[in-house]
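Structure first, commentary second.
The values are calculated or read from the model by the stated rules, or taken from the named source; none is laboratory data. The shown structure was predicted, so the numbers you read here are calculated from the model rather than taken from an experiment. Ideal geometry is used to build each Cβ from the backbone, glycine not excepted, and the neighbour counts take in all protein chains shown. Ligands, DNA and RNA are excluded from the accessible area calculation, which covers all protein heavy atoms including side chains. Shrake-Rupley method; radii C 1.70, N 1.55, O 1.52, S 1.80 Å.
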Amino acid sequence: YMGKLISLQELQKFSVLRLKGYGLGQLRDINNLGGILSITNLENATGKVEALESKLHQKRHLEGLRLNWSFDNDLHGEDSSHLDVFEGLMPPPGLKFLLIWGYKSSAYPSWLLNGSYFDNLNRFCLYNCSSLQYLPPNAELLRHCSHLSLRHVPNLNTLPCLLRHLEFLQIAECPLLMFV
């Protein structure tokens, strides 16, 4: 029931559990959160409706967001519920850092495909995302990105033209990757 702490300004980690008082709706009214927030165990979220209850887009002081799905089960199987939850986790447009961990869908949420959504995103990371085959196709999304990290994205097969602002590039365990 941490949702009662509406003046909370920093929360490093929020674990989603399938217990009353541990759902994403607990984040609804905590709008002064700043810094980097990690939301873990997203496989426990029931779907888009629960994810929307978090109202992440209203947390204007957030600088970074780590979205973590557990990947203990079938690493290479696609899970359509991941996209459903991800669609509802739309962060604030001023976000500077986005890390996606353990995501098992081959599609991105619509808000991430909208290249003009983010104003300041300068760090984008994909880790252990077994079904993704490409980066979001709209180059506008990463227009300010200086840090791109791709680790264990085994089905990633192409990268678009690399960004001119890129200062750090990490690629590991992406065996199918070819540059275009």
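Determine which single condition LEU163 fails, assuming it passes every other condition in (1) in a loop (DSSP other than H, G, I, E, B); (2) open to solvent by 20 Å² or more (accessible area, probe 1.4 Å); (3) out of contact with any helix residue (DSSP H, G or I) (no Cβ under 7 Å at 6 or more places or on another chain).
Only one criterion is unmet by LEU163, namely (3).
Hey, can you tell me all the residues within region 84-112 that are among the charged types (D, E, K, R) and out of contact with any strand residue (DSSP E or B) (no Cβ under 7 Å at 6 or more places or on another chain)? Don't jump to the end; show me each part of the working.
In the first step, residues of region 84-112 are kept if they are among the charged types (D, E, K, R); the result is 84, 87, 96, 104.
Of everything in region 84-112, those that are among the charged types (D, E, K, R) and out of contact with any strand residue (DSSP E or B) (no Cβ under 7 Å at 6 or more places or on another chain) turn out to be ASP84, GLU87, LYS104.
What number of residues in region 25-48 are assigned to a helix (DSSP H, G or I) and over 21 Å from TYR127 (Cβ atoms)?
Qualifying residue count, region 25-48: 4.
Looking at region 83-102, which of its residues are under 23 Å from GLY47 (Cβ atoms) and open to solvent by 10 Å² or more (accessible area, probe 1.4 Å)? Please lay out each step first, then the result.
Applying the first criterion (under 23 Å from GLY47 (Cβ atoms)) to region 83-102 yields 83-92, 95, 98-102.
LEU83, ASP84, GLU87, MET90, LEU99, TRP101, listed by residue number.
Specify which of the listed residues (LEU169, LEU132) is assigned to a strand (DSSP E or B) and either out of contact with any Leu (no Cβ under 7 Å at 6 or more places or on another chain) or of a type in the set (A, V, I, L, M, F, W, C) (or both).
Step by step, each of LEU169, LEU132 is checked, and only LEU169 is assigned to a strand (DSSP E or B) and either out of contact with any Leu (no Cβ under 7 Å at 6 or more places or on another chain) or of a type in the set (A, V, I, L, M, F, W, C) (or both).
Select from region 132-154 the residues that are modelled with pLDDT under 95 and among the polar types (S, T, N, Q) and write down the one among them that is farthest from ASP119 (Cα to Cα).
Of everything passing the filter in region 132-154, GLN133 is farthest from ASP119 (Cα to Cα).
Would you pick out the residues in region 103-124 that are under 10 Å from the mean Cα position of the chain (by Cα) and closer than 18 Å to ASN41 by Cα?
TYR103
Taking the options TYR108, TYR117, name whichever one is free of Cβ contacts under 8 Å to residues at least 40 places away in the same chain and surrounded by fewer than 20 Cβ atoms within 10 Å (Cβ to Cβ). Spell out how you get there, then give the answer.
On the way: TYR108 fails: surrounded by fewer than 20 Cβ atoms within 10 Å (Cβ to Cβ).
After ruling out the rest, the residue left standing is TYR117.
Pairs only if they're at least six apart or on different chains, beta carbon under 9 angstrom, first in region 73-85 and more than 11 Å from GLY102 (Cα to Cα) and modelled with pLDDT of 95 or more, second in a loop (DSSP other than H, G, I, E, B) and of a type in the set (Asp, Glu); list them, first residue then second.
Here the result reads none, with nothing in region 73-85 linked to a residue that is in a loop (DSSP other than H, G, I, E, B) and of a type in the set (Asp, Glu).
Among the listed residues ASN155, ASN138, ASN128, identify the single one that is over 28 Å from GLY25 (Cα atoms), touching a residue at least 40 places away in the same chain (Cβ under 8 Å) and not charged (D, E, K, R).
Of the residues listed, the single one that is over 28 Å from GLY25 (Cα atoms), touching a residue at least 40 places away in the same chain (Cβ under 8 Å) and not charged (D, E, K, R) is ASN155.
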